[in-house]
Every structure is written in C-alpha cells, then in structure tokens.
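Values quoted throughout were computed directly from the atomic coordinates according to the rules given, and no laboratory measurement underlies them. Values in this document were obtained by computation on a predicted structure and should not be read as measured data. Here Cβ is always computed from backbone atoms with ideal geometry, including for glycine, and neighbour counts include all displayed protein chains.
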Amino acid sequence: VTDIENVGEDVNSPKDDFAYIIDPVTRRGFFSSNKDGGQGSDDIYKFLETRKLQCIQELDGIITDAETAAVLPGTKVTLYEGTTIKNTTISDAVGFYSFAVECGKTYNVRAEKQDYTTKEVTITIGKLTGKTSLPIALDKSTCKVTIGDDLGKCFGIK
C-alpha cells in the first residue's frame, strides 16, 4: 500500500474512485468508479499515462537535547545535497523543521545551535510521495578552555 495521491480530474471525482492500477512499462492502467456517466453501479475505466506523476516528499523532524529530550527552538538546520546547500531554516518554538525534498535522493542535514555540538546526519529519501521524519538530538558542547580563561565560568562555578 502506498500513500494516497490525487491524480486530477477524469480519474479523481467527488464519487468513489478506487482500485487504481498501472503497468509501469506500458504506462497503461485501470481504475474503478461509481462516477456519473458510467454504464452501471461501479464501472472500470482504462487509461494511458501521458506524463509521470510528480513525486513529492517532505523531510521533517524535531530538534531536541540528547540528554534531557527538551525541544531546541532556534536551531539552524541546513539541507545539503553533496556539498551544495539546498535550503536552510530555523527550528520553530517546538523544535520543528521541514524541507521539501526530491524522492529517491540522498541528503545531509546539519543542525547547529550555540552551546551544542553541531551534528550532521545523512538520509536517503523514499521513492514514493510522502513524508520522511528525521528527529535530531544534539549533545551539549564541552567547555573549550584556553590559557587565561576563567574556569569558573566554564563549569558554572561562582
């Protein structure tokens, strides 16, 4: 079973359209419907696919703190295809981010937030229209100390 997709008028009607099947080689198919203008209660219609249906995917997730599971709003999330930046967004008030992506492609998703270690995850998107979820948990950064730094600030000591 795949995700439901509206393929437009002539196939999708306000009536009950069902049992859609297509041969991917010949691009010929059939569907059943009780739409107006048929010969009986449910009729079988044949068709020829003249253009491929567009495959649309959404990649989304919630950014959280790895230790506490608290959501991390304001996290910069960048989508890469190879080394090319495809899109950048900021996670919302509940740590949510979302990108429109292409089916079947592999992407890298990088999450960056102050006081947290940057994390990059590789994901391959499904080949069918739908949604891919990629939650990302960030680890708190360790304190970086150089000569002359106040160690009390680093460790939260007054």
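At a glance:
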| item | result |
| --- | --- |
| Unit charges at the beta carbon, dipole of the range 56-138: most positive-side option, ALA111, VAL71, LEU59 | LEU59 |
| Net length gained if the chain between THR26 and VAL71 were fully extended (0.36 nm per residue, minus Cα distance) | 11.3 nm |
| Using a Förster distance of 30 Å, the FRET efficiency for THR118-LYS52 (Cβ separation, nearest 0.05) | 0.20 |
| Residue-count net charge about TYR116 - beta-carbon cut-off 14 Å; Lys, Arg +1, Asp, Glu -1 | 0 |
| GluC sites (Glu not before Pro) restricted to DSSP loop in the range 36-77 with at most 11 other C-beta within 10 Å | GLU67 |
| Taking all pairs of distinct alpha-carbon atoms in the range 63-111, Kirkwood radius in angstrom | 11.5 |
| Label point distance in nm, ILE90-LYS127, each placed 7 Å from Cα along Cα→Cβ | 4.0 |
| Computed magnitude of the charge dipole of the range 56-138 (debye, nearest 20; Cβ of K, R +1, Cβ of D, E -1) | 260 |
| Under the Karplus curve 6.51 cos²θ - 1.76 cosθ + 1.60, θ = phi - 60°, whole-Hz ³J(HN,Hα) for the range 83-92, x wherever Gly or Pro sits | 9, 8, 6, 8, 6, 9, 8, 10, 4, 7 |
| Spin-label model distance (nm) - SER98 vs ARG110, 7 Å beyond Cα toward Cβ | 2.5 |
